[in-house]
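J.: Before I ask anything, let me first share the structure, which is written out below as structure tokens.
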Amino acid sequence: MIPYQDDEFTRPFTGRVDAELDQEMHVEVRVEGVDSRQFALVMDTCWATPVNDPDYSLRWDLILSECPNPNDDTVDLLQNGVSTSSRFSFRMFIFTANSTRLYLHCAVHLCLLSSNRCSMDCASGHRRREGRSLDFHDSASISMGPLVLSEGNTDKWVPEQVKVSEASCLCGSLMLILVPLMSVLTHF
């Protein structure tokens with residue numbers, strides 16, 4: 001899995017991947033060492049987490065059932081199931097104001113090109129395949145990250161509702177501590 005700086009996929013990021021909030025991120029998932037005339041790589045699902053754990057409970061789906069998440073109009077599936085590389089883009093986001101890192105994860109499989117069933121028509125209403133007998137081959141899960149929100153833009157770009165929700169959580173936590181303390185003090 002390789003993040004790119006441009007939409008032509010010619011300039012991969014090297015070293016730390018710094019990004020601004022809402023910056024378009026370009027990602028290529030590629031398999032090497034297989035016959036590109038026989039197999040295509042298919043991204044089944046791709047998702048983001050705030051920590052380097054694909055099974056972490058807090059996640060945002062980018063690709064579902066080989067198609068962009070219908071609840072995220074920033075995801076663009078550029079290529080999937082037509083060659084040994086698949087590509088997508090999305091806009092950089094964060095989960096909370098305290099979490100400035102994103103980790104990407106994808107579940108992928110190899111598909112036999114001769115089956116003519118490797119690429120999905122995401123525009124139509126028929127997003128699921130009937131079955132996967134001969135066209136489905138080796139599968140794997142891969143991860144990469146972190147993508148880091150640029151430090152200079154953290155305060156500038158964090159939406160007010162994120163800051164407010166953190167403040168209300170802090171106030172709620174303080175109330176949980178202060179109420180029992182006040183009741184103990186009133187008894188003396």
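The values are calculated or read from the model by the stated rules, or taken from the named source; none is laboratory data. For clarity, every value in this text was computed on a predicted model and none was experimentally measured. Because the Cβ atoms are built from the backbone with ideal geometry, glycine has one as well, and the counts that use them run over all protein chains shown. Ligands, DNA and RNA are excluded from the accessible area calculation, which covers all protein heavy atoms including side chains. Shrake-Rupley method; radii C 1.70, N 1.55, O 1.52, S 1.80 Å.
J.: Is at least one residue of region 153-162 under 23 Å from the mean Cα position of the chain (by Cα), at pLDDT 85 or above and not polar (S, T, N, Q)?
T.: Checked against the condition, which is being under 23 Å from the mean Cα position of the chain (by Cα), at pLDDT 85 or above and not polar (S, T, N, Q), region 153-162 yields no hits at all.
J.: Continuing with the same structure: What are the residue pairs meeting all of these: first residue in region 10-26, first residue among the hydrophobic types (A, V, I, L, M, F, W, C), second residue in a loop (DSSP other than H, G, I, E, B) and open to solvent by 60 Å² or more (accessible area, probe 1.4 Å), Cβ atoms under 7 Å, and 6 or more apart or on different chains?
T.: Short answer, once both residue conditions are applied: 13/5.
J.: Which of the strands (runs of 3 or more DSSP E) found entirely inside region 4-90 contain at least 3 residues meeting this: within 16 Å of residue 103 (Cα to Cα)?
T.: The qualifying strands (runs of 3 or more DSSP E) are 17-19, 24-30, 39-49, 60-64.
J.: Is at least one residue of region 30-50 of a type in the set (Asp, Glu) and on the phi > 0 side of the Ramachandran plot?
T.: Looking through region 30-50, none of the residues is of a type in the set (Asp, Glu) and on the phi > 0 side of the Ramachandran plot.
J.: Now for a different question. Considering only residues that are among the small types (Gly, Ala, Ser) and either under 27 Å from residue 150 (Cα atoms) or open to solvent by 40 Å² or more (accessible area, probe 1.4 Å) (or both), look in region 76-100 and name the one that is nearest to the chain's Cα centre (by Cα).
T.: Only one residue tops the list, namely 89.
J.: For region 76-108, which positions are within 15 Å of residue 34 (Cα to Cα) and touching an Asp or Glu at 6+ places or on another chain (Cβ under 6 Å)?
T.: Step one: of region 76-108, the residues within 15 Å of residue 34 (Cα to Cα) are 81-86, 108.
Correct list: 85 only.
J.: How many of the residues in region 27-42 are out of contact with any Leu (no Cβ under 8 Å at 6 or more places or on another chain) and under 15 Å from residue 89 (Cβ atoms)?
T.: Our first condition is that a residue be out of contact with any Leu (no Cβ under 8 Å at 6 or more places or on another chain); within region 27-42, this holds for 28, 32-33, 35-36.
Keeping just the survivors that are under 15 Å from residue 89 (Cβ atoms) gives 28.
Result for region 27-42: 1.
J.: Got a sec? Which of 66, 8 is farther than 20 Å from residue 146 by Cβ and surrounded by 17 or more Cβ atoms within 10 Å (Cβ to Cβ)? Give the steps one after another, and end with the answer.
T.: Values: 8 fails: surrounded by 17 or more Cβ atoms within 10 Å (Cβ to Cβ).
The unique qualifying residue is 66.
J.: Quick check on my filter: what residues within region 101-122 are free of Cβ contacts under 8 Å to residues at least 24 places away in the same chain and either of a type in the set (S, T, N, Q) or surrounded by 15 or more Cβ atoms within 10 Å (Cβ to Cβ) (or both)?
T.: 115, 116, 117
J.: Suppose the filter is modelled with pLDDT of 95 or more and either over 13 Å from the mean Cα position of the chain (by Cα) or buried (at least 16 other Cβ atoms within 10 Å of the Cβ) (or both); does residue 21 pass it?
T.: no
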